[in-house]
1. Could you please find all residues in the stretch A:227-249 being touching a Ser or Thr at 6+ places or on another chain (Cβ under 6 Å) and in a helix (DSSP H, G or I)?
2. Assuming A:LEU79 fulfils every condition listed in (1) modelled with pLDDT of 95 or more; (2) in contact with a helix residue (DSSP H, G or I) (Cβ under 6 Å, 6 or more places away or on another chain); (3) not aromatic (Phe, Trp, Tyr) apart from one, which condition is it?
3. Among the residues of the stretch A:293-305, write down those that are part of a loop (DSSP other than H, G, I, E, B) and crowded, with 24+ Cβ neighbours inside 10 Å.
4. Somewhere in the stretch B:233-242, is a residue part of a helix (DSSP H, G or I), within 14 Å of chain A (Cβ to nearest Cβ) and within 30 Å of B:ASN99 (Cα to Cα)?
5. Residue check, A:ILE339 against (1) free of Cβ contacts under 8 Å to residues at least 24 places away in the same chain; (2) closer than 26 Å to A:TYR143 by Cβ, all met but one. Which one?
6. Which one of the conditions (1) more than 10 Å from chain A (Cβ to nearest Cβ); (2) farther than 23 Å from A:TYR408 by Cβ; (3) modelled with pLDDT of 95 or more does B:ALA292 fail to meet, given that it meets all the rest?
7. Out of B:PHE107, B:PHE102, B:PHE79, which single residue is surrounded by fewer than 17 Cβ atoms within 10 Å (Cβ to Cβ), more than 15 Å from B:LEU200 (Cα to Cα) and under 26 Å from the mean Cα position of the chain (by Cα)?
8. How many residues are more than 24 Å from A:ILE384 (Cβ to Cβ) and surrounded by 15 or more Cβ atoms within 10 Å (Cβ to Cβ) when one looks only at the stretch A:273-292?
Amino acid sequence: MSGKARVRGAALLAVAAVVLAGCGDSGSDGGGENAASGALEGRGPIKFATGKDTSGNMQKLVDEWNGEHPDEKVEIVELPEAADEQRNQMIQNAQAQSKEFTILNLDVVWTAEFAANRWVMQLPEDQFDLENFLEPAVNTGKYRDNLYAVPVYSDGGLLYYRKDLLDAAGVTAPPKTWAELKDACAKVKATPANAGLGCYAGQFDKYEGLTVNFSEAVQSAGGSILDESGKPTVNTQEAKDGLNFLVDGVKTKEIPDAAITYKEEDGRRAFQDGQLIFHRQWPYQYAQANATDGSSKVAGKFQVAPLPGKDGPGVSTLGGHNFAISAFADNKATALDFIKFFTSEEAQKSNLLATSQAPTRASLYDDPDMIKQFPYLTTLKESILNAVPRPQAVKYGDVTAAMQEAAYSAMTGEASTDDALAELQTKLESLTAQ
Amino acid sequence: MTATDAPPQAAAGAPKKQPSTAKSDPQKHGRLALLLLTPTFLVLALVIGYPLIAAIRESLYQKAEGVDESGFVLEGERFVGIDNYSAIFTGESAERFWNAFFNTTFFTVTTLILEIVIGVTMALVMHHALRGKGLVRASILVPWAIPTAVSAIMWQFIFTADGVANEVLNSQILWTTEGFQAKIAVIIADVWKTAPFVGLLVLAGLQIIPNDVYEAARVDGASAWKQFWRITLPLVKPALLVAILFRGLDALRMFDLPFVMIGQRKQSVETLSMLAQEEASQLRIGPAAAYAVVLFVYVSLIAYAFVKLLGADVIGEARARAKETKQRKAKAVTA
C-alpha cells in the first residue's frame, strides 16, 4: 500500500506545488500594488538572490560592503545555475509575497514581466548616473519608460573569425555583410585542406539562443521583431531576408548540419576544434578559445569583429543581468545603496577583471589597461551600442517560444520562411495585444 | 508508513486488556481498526486528498489576462468552469495534446517492453552469478542510483553531434533534433536507467523460488527453456507485475529525460508532463492544473486496468496469499 501511495503521492506533490503556488497568487489582490508604490525605505540586513557566483568576486564585493556597513549586512543567496530555475524561484517568492529576497539579479529579458506584475520596485533614475552607462543596457532595465532594474552585466554578440585562414585566402578584413562573409568563406574553402570546414554557426538549437540568433538576423537585415510601439513586425520583407540568411545557410550547408543542435558550448567546442571559419558567439568564448593549454586548436589564430548584416554592419541582441529590488522586502534603502555600490566603477572594474563579464559602464571599455587584458572590448562596445534588446513583453516566455518555433521550423525545412513568419506574426499579435 | 509508528500504545494496550473480546466482538474489532487506521487516513488526506482536490479546483479557474493602462498586470482570477479542459481538446492545443499523449503512451509501451526483457535477463544473470555476486549486483544498480536529470545530461553529451554515440555508430545522426531519432535517444537513456530497477525487483522474486522445484523439474527431464517458461516465469510473475506497474506509472509521468536531454517544445519527444510544466512556468496555473488532472486521470485508468486485468497485486498481496493457502489446505483435505 505504501508503495502505491508513494507513487501517487509523488505525482501529486508536483500538482500540489503548482496548486499552492496558485493559491499564493490568488491572495495577492491589492497587496502588491501598495508594496510596489511604496517608498524605498528601511535599513538593515538584506538578502541578495542571484545565480551562481562562479568567480567568487561577488562574495568579495559583498564582504567589502559588509565591512563598511556592519548594520546593513548583505547575504548572498545562490539560486540554481539554470536561468529558468532562477526565474521560477524568484517568482515563487514574489507570489508568496515573501520578504526573503531583497535584491534580485534579473536576466535582461525578465524586466517587463517582473515590473508588470509589480514584483519589483520602480527605481529613482536621478539617483543613478545612468548617463555613464551604455544606453542599450540601461534600456533593458526599463519598462514603459520607467526604471525597474539597474544594469550590472551586459553582453553582446561578436563574430569570431579565423584570421589565419582569411589571411591565407587573401581576405584582409573581416566581413561586414553576409555576402562578404559567404565570399570569404568560399575563398577559404577553395583550398582542398579547408574544404571540409563549416562556414558559419551560432546558437541554433530550439532554446533561448535561437531567439537571440533569429532576432539578430532580422535586425541585421533592417527589420525588427516589435516596432517602437510594441507591435509585431515579423511579416516584413526585412524579417524574411533575415530568416532566409539562416535558412539558406542551412540549405547550402554553409551552416553545417550539426549547427542545428548547437547551444553555446557545442558551438564553442566546434570552433575551438577548428571546424568553423565564422562563429557568432558571446565574449566569454574569447579567453577559452585562446587557452594555450592544448584545449583549443585555434589559440592565437582568431579575431573578433562586429556581427555582419545584410547591407552593412549587423545588429546584436543584448544579453546581461540587471539588479532589481523586490516589492515585498524590508530595508529597501539599504538595497538601493548596495546596488549603487555594486554598479560603481570600481566594483565593475573588479568584476570585469575577475569574471571577464562585460561591464555596463562605458568608461571601462576605453580603459587602456582593460583593453590590454581584454582585447575584444572595443569591438564589444561597438556591438552593444548598436544592439537591440529582445522584445520587452510581459509574456516573454510565450513570445520567445513562438520565435523559436518559427525559426526552428523554417531552418529545419518543416515550414517555408513565409509561412513560419506569417504564423509568428499572428501569434505575436495575440501575445502582445493589450 | 507514517501511521504504523503512531499508535503503538493502542496496539500494545488493547490486546492485553481484553484479548478475547477484541477477537470475538466484531463491532469492537472494527472500532479498534478504525482507531488504528485514522492516523493513516489523516496523513493520506493531507498529502494526497488535499492537493488533488485543490488541483481540481484550480483547474476550474483562470488568472486574469492582460495589462492595465499603466502596463501593470491585472490581478485576480475567475471561475471558468471546464474552459481549461475544453481548451486542451480544441484547436491547435488539441493537436499538441494528442501528440504529447501519443508520445507518452509510445514511450511507456516501448520502454516497458525493453525494460522487462533486459531487466529479467539482468535478474537471471544476477541470480546465477556464482562468483562476484555482490559486485555484479552493485554494478548493475549504478544507473538506477543516478538522478534522472544527471543521467539526462550525461546522455546529452553522448548524443551531441560529435558525441560518443555517433563515434561508436560511425554515423552523423543529429539525435537531439526533431525526428524519430530523438525518440530513440530518449528510450535508450530511459531503459539504461530503469532496467536495473526491474532487474532488482525480479531478482527479489527469483530468490524466493525454492530450489527443489527446479530439482524436481530436472529429474523430470525439463529443458532449461521449459524450466524458465513453466517455473521461473509463473513464480516470478507477482514481482514482475509490481515492477511493470511501477515502471509503467513512472513512464507515464516522464519529464526530465526529454526535457533536459532533447529540449523543450520539441514535438517528437514532448510528453504530457512537459505540457503541464510549460503552462505552469508561464504562470497559467489553471490550464497547468487541467493538464495535470487529465494526466492524473490517464495514469489512474492505466493503474486500474493493470490491477484488474493483469491482477497486479500491490495492495492485497498478503490477503490473497492467506486465501490461497486456505484454499490449498481445503483442497488437500478434500483430496
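1. Of everything in the stretch A:227-249, those that are touching a Ser or Thr at 6+ places or on another chain (Cβ under 6 Å) and in a helix (DSSP H, G or I) turn out to be A:LYS240, A:LEU243, A:ASN244, A:VAL247.
2. All conditions pass for A:LEU79, except number (1).
3. Once the filter is applied, which keeps residues that are part of a loop (DSSP other than H, G, I, E, B) and crowded, with 24+ Cβ neighbours inside 10 Å, the stretch A:293-305 yields nothing.
4. First pass over the stretch B:233-242, keeping only residues part of a helix (DSSP H, G or I): B:233-242.
With the extra rule that they be within 14 Å of chain A (Cβ to nearest Cβ), the set shrinks to B:238-239, B:241-242.
From what's left, within 30 Å of B:ASN99 (Cα to Cα): B:241-242.
Yes, the stretch B:233-242 contains a residue that is part of a helix (DSSP H, G or I), within 14 Å of chain A (Cβ to nearest Cβ) and within 30 Å of B:ASN99 (Cα to Cα).
5. Only one criterion is unmet by A:ILE339, namely (1).
6. (1)
7. Numbers: B:PHE107 fails: surrounded by fewer than 17 Cβ atoms within 10 Å (Cβ to Cβ); B:PHE79 fails: under 26 Å from the mean Cα position of the chain (by Cα).
After applying the criteria, what remains is B:PHE102.
8. Count: 3.
The values are calculated or read from the model by the stated rules, or taken from the named source; none is laboratory data. These numbers come from a predicted model, not from an experiment. Ideal geometry is used to build each Cβ from the backbone, glycine not excepted, and the neighbour counts take in all protein chains shown.
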